[in-house]
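Okay, structure first, notes after.
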Amino acid sequence: MIVAKLQKPKFVFMGGQLRSWEEAFIHVGCEAAIRGLNVFEGLKGYWQADGTFGLVQLRRHYDRLCRSARVLQIPFDQSYEEFTKAIDLLVGALIEPGRDMWVRATLFVTEGHWGEDTVADLILTAYHQDRHLPEPVELGVSTWRRSADVALPARVKTGTNYQVARLARIEGRAHGCQDMVLLNPWGRVAEATASCILIVRDRTVLTPPAAEGALESITVDIIEQLAHSLGIKFERRPIDRTELLVADEIGLCGTLHELPVAKSIERLPLSESSPVLCALQARYLDAVRGASPHAAVELTTLPSVKAAAKQQISP
Ligand code: PMP
């Protein structure tokens, strides 16, 4: 599991252009600061087997950003092409050979008050990630819960949703857990702090549907299709808390964390060999890295990254 040590990359995309990390500020008076008002996406780009650099499900991330902005009444009129161009500019400026990247695309509300005259700025930050297999995690069940759809909808990817996730991680650290499961208001499994939950029972992969309090995960959709290709049964249905304790395998699933398996749940050991989830993990990584493409994974090659890569290969 990637433990976030915040890097300070040289550039940030802000106000329609690249700025240095040191210059990337928002004002203390804006709703992004006083109410934590923002929506965001976490995207991942991988160096491909053929030497190009591909962003995974770019269109899906753009669409979800638009949906989150719509629910929170944040105007966002940038086209998909403009969004792609902005990412291309930042990633092209920061890319390093052999190092994958994750990009955080955030709409910060920089002007307006109580929903009047709302203006948001698309701010992009991008971080390097070295290649490694997702490490197995010790998992607990948090006393903190995902809120109900009528309180703070889990399908909206907004920073405020992560305040509970942060508390759950603090709680988890005190118990030696790298991540925690959040239950929904009815005591069933919702998701983890920054990824969805997969469990395996009798060789069937189960995951709670979004209506149980999970983000509408782009990675879960990929895993579902990969499972079908591998002849593994995949079902979305509510999951009781005790099903975590009797599961054959448990894993996390998300763009950034990929698919780490759990080695324990609430201190009860799980087999790290996790054959079903490890097969899906391997297939997923092969697909996103272009080693074995799959129709479920759409990779967008960024033009300026292509140019930067060429320059780095032949200086
Ligand atoms: N749930 C939460 C709370 C998350 O932060 C994430 C990561 N974006 C996910 C689930 C997984 O979503 P995705 O597969 O779209 O990255």
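Just so it is clear, none of the values below were taken in a lab; they were calculated from the coordinates. Please read these numbers as outputs of a predicted model, since none were measured by experiment. So basically every Cβ, Gly included, is an ideal-geometry build from the backbone, and we count neighbours across all protein chains shown.
Tabulated values for the structure
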quantity	calculated
Rounded to whole Å, sorted largest first: equivalent-ellipsoid semi-axes of region 183-276, Cα gyration tensor	17, 17, 13
Principal axis box of region 203-256, alpha-carbon based, largest edge first, Å	29, 24, 20
log₁₀ of I(q)/I(0) at q = 0.13, 0.16, 0.24 Å⁻¹ - region 1-106, Debye sum with one point per alpha carbon	-0.55, -0.84, -1.58
Label point 7 Å beyond Cα of ARG99 along Cβ direction - residues of region 22-46 with amide nitrogen under 17 Å	22, 44-46
Interchain or long-range residues, amide H under 5 Å from GLY15's placed H	LEU122
Exposure proxy ranking, count of Cβ atoms within 10 Å, fewest first, for TYR127, TYR46, TYR162	TYR162, TYR127, TYR46
Inter-probe distance in nm under a simple model that places probes 7 Å from Cα toward Cβ, at ALA174 and GLU81	5.4 nm
FRET efficiency for HIS294 and LEU133, using Cβ-Cβ distance with R0 set to 25 Å, rounded to 0.05	0.85
Gain in span if fully extended, TRP186 to LEU6, counting 0.36 nm per residue against the direct Cα distance	61.3 nm
Relative contact order %, region 238-304, counting alpha carbon pairs below 8 Å whose residues are six or more apart	22 percent
For the chain, calculated [θ]222 nm from helices alone, where every DSSP H run of n ≥ 4 adds -39500 (n - 2.57)	-8500 deg cm²/dmol
Amide H contacts of THR301 (H built 1.01 Å from N, under 5 Å, at least 5 apart or other chain)	LEU55
Two-site label geometry, ALA211 and GLN17: point separation in nm, points 7 Å out along Cα→Cβ	4.9 nm
Reference-scaled alpha-carbon Rg (2.2 N^0.38 Å with N residues) for the chain	0.99
Rel. contact order, % - alpha carbon contacts under 8 angstrom, at least six apart, the chain	20 percent
Highest-MSF residue in the chain out of ALA120, ALA211, ALA291 [GNM, Cα springs under 10 Å]	ALA291
